[in-house]
1. State which residue pairs qualify: first residue under 11 Å from residue 179 (Cα atoms) and inside the stretch 228-253, second residue acidic (Asp, Glu) and open to solvent by less than 70 Å² (accessible area, probe 1.4 Å) in any location, beta carbons under 7 Å apart, and separation of 6 or more residues or different chains.
2. Please indicate, with yes or no, whether at least one residue in the stretch 340-355 is without any contact (Cβ under 8 Å) to a residue 60 or more places away in the chain, open to solvent by 10 Å² or more (accessible area, probe 1.4 Å) and of a type in the set (S, T, N, Q).
3. Does residue 166 qualify as being open to solvent by less than 80 Å² (accessible area, probe 1.4 Å), on the phi > 0 side of the Ramachandran plot, at pLDDT 85 or above and in contact with a strand residue (DSSP E or B) (Cβ under 6 Å, 6 or more places away or on another chain)?
4. May I ask you to list the residues in the stretch 26-51 that are in contact (Cβ under 8 Å) with a residue 60 or more places away in the chain and under 27 Å from the mean Cα position of the chain (by Cα)?
5. Looking at this structure, is residue 335 touching a helix residue (DSSP H, G or I) at 6+ places or on another chain (Cβ under 6 Å) and free of Cβ contacts under 8 Å to residues at least 24 places away in the same chain?
6. List the pairs whose first member sits in the stretch 60-85 and is modelled with pLDDT of 85 or more and charged (D, E, K, R), whose second member is crowded, with 16+ Cβ neighbours inside 10 Å and assigned to a helix (DSSP H, G or I), and whose Cβ atoms are under 7 Å apart, counting only residues at least 6 apart or on separate chains?
7. For the stretch 253-307, which residues satisfy the criterion of being within 19 Å of the chain's Cα centre (by Cα), farther than 30 Å from residue 87 by Cβ and surrounded by fewer than 22 Cβ atoms within 10 Å (Cβ to Cβ)?
8. Search the stretch 312-339 for residues being among the β-branched types (Val, Ile, Thr) and at pLDDT 95 or above, and hand back the single one that is surrounded by the fewest Cβ atoms within 10 Å (Cβ to Cβ).
Amino acid sequence: MSTVSWTENGTTRTARWRSANGTSAPARVVVIDDRVSANAALRLARSGSGLLWRGDFHNARQLMRAMDRRLEARTDPAAGHGDLGALFRAQREARSQRAALLGKLLIALERDHTIRLRRAPDGRAACDHAYGKRTDDSGEISSGVTLVSLPELLGVMSAYEWHRKGIDIAALGARLHPAYGVFAPTRDEYIDLVAHAPLPAGADHPVVFDIGTGTGVLAAVLARRGAREVLATDINPRAVRCARENMRRLGLLGRVRVIEADLWPGGRQRADLIVCNPPWLPGSPTSALELGIYDAASDVLNRFLGDLADHLTPHGEGWLILSDLAEHLGLRTREQLLARIADAGLEVIARYETAPRHSRVADRTDPLHAARTRERTVLWRLVSRA
């Protein structure tokens, strides 16, 4: 973990630097408080300075919102000139730039994750959950202080509330508890597809692989449907820990095994059913959480399809669950997807689709509203071509 230094009240101070998305520590830190304006804060942020907040915590949130409003007002909603793909990329670039500037607003966490600011919430449990408890200290840092961006800290606290309360999963009749940095199943239409699609013929109690398990929701659904054994994989160690804990809560540890792996488990075991809900938008993820949404050059999708036949039993099926939003944005065509399926020696025996139910579908102010209303989540049933 890197360190950052600054001068405050005539004293040089040093702290650890933490960033979940790998942002580099600022080379320069300026101490600010309630007296700074949003315009002044933006000027400092644009110069590359980190802005260490020493005022009221609620005022820090107000400052961040004011900075964001100014940045949003400068974004051209017509960027792309009717090309939805270009518009999507422009929006993503604008969000990335806004996130980088807002991320310059910094909060100091004490060794036990206490926030020593007026009206600051108790974030110790949330930070312990996301970062782990501090058990040692570097000799270079006498204070034991860690600096994090305010947006990241708010994200940590929000994620902890999701984790603590859980998300009701109708298909399970139970609540699932996501973890920080793990994609949460707040969109449940794809879960319903997996809960109701017919199992492979002659495999009432199939051996299942759940590739990219995340919270483990699909592994749990299929275990509840009678799978004899479910082997769930994920490349994200946070997701592996999260899925294991969810299986423990659901009483499914005896039938669901979760391992850390890049797509495929090791060994020569094959499965009667292999399920994958890969990232659905071509693009580069900027954090562990975005690994569930963005897939650079459709790498995960292509590798899953390319290797699927080698991991199926003779009468096994692969279930690819994929939003078609990329098609409506011009980022990938249906023909390209079908060609990739055929090139992998696979054929489609059935497909089921459902319309999204998330709130963005109803947001008519979104320049991508028309594409989002046409979006469908599709479950493709795939088998090896004879």
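1. The qualifying pairs are 240/234; 243/234.
2. No; the residues of the stretch 340-355 include none that is without any contact (Cβ under 8 Å) to a residue 60 or more places away in the chain, open to solvent by 10 Å² or more (accessible area, probe 1.4 Å) and of a type in the set (S, T, N, Q).
3. In short, yes.
4. 26, 45, 50 - these are the residues of the stretch 26-51 that are in contact (Cβ under 8 Å) with a residue 60 or more places away in the chain and under 27 Å from the mean Cα position of the chain (by Cα).
5. no
6. 68/98; 68/102; 70/38; 70/42
7. 259, 260, 261, 262, 263
8. Result: 313.
The values are calculated or read from the model by the stated rules, or taken from the named source; none is laboratory data. From a predicted model like this one, the values you see are computed outputs, not experimental measurements. Note that each Cβ is placed from the backbone with ideal geometry, even for glycine, and that neighbours are counted across all protein chains shown. These area figures cover heavy atoms from the full protein model, side chains too; ligands, DNA and RNA do not enter into them. Shrake-Rupley method; radii C 1.70, N 1.55, O 1.52, S 1.80 Å.
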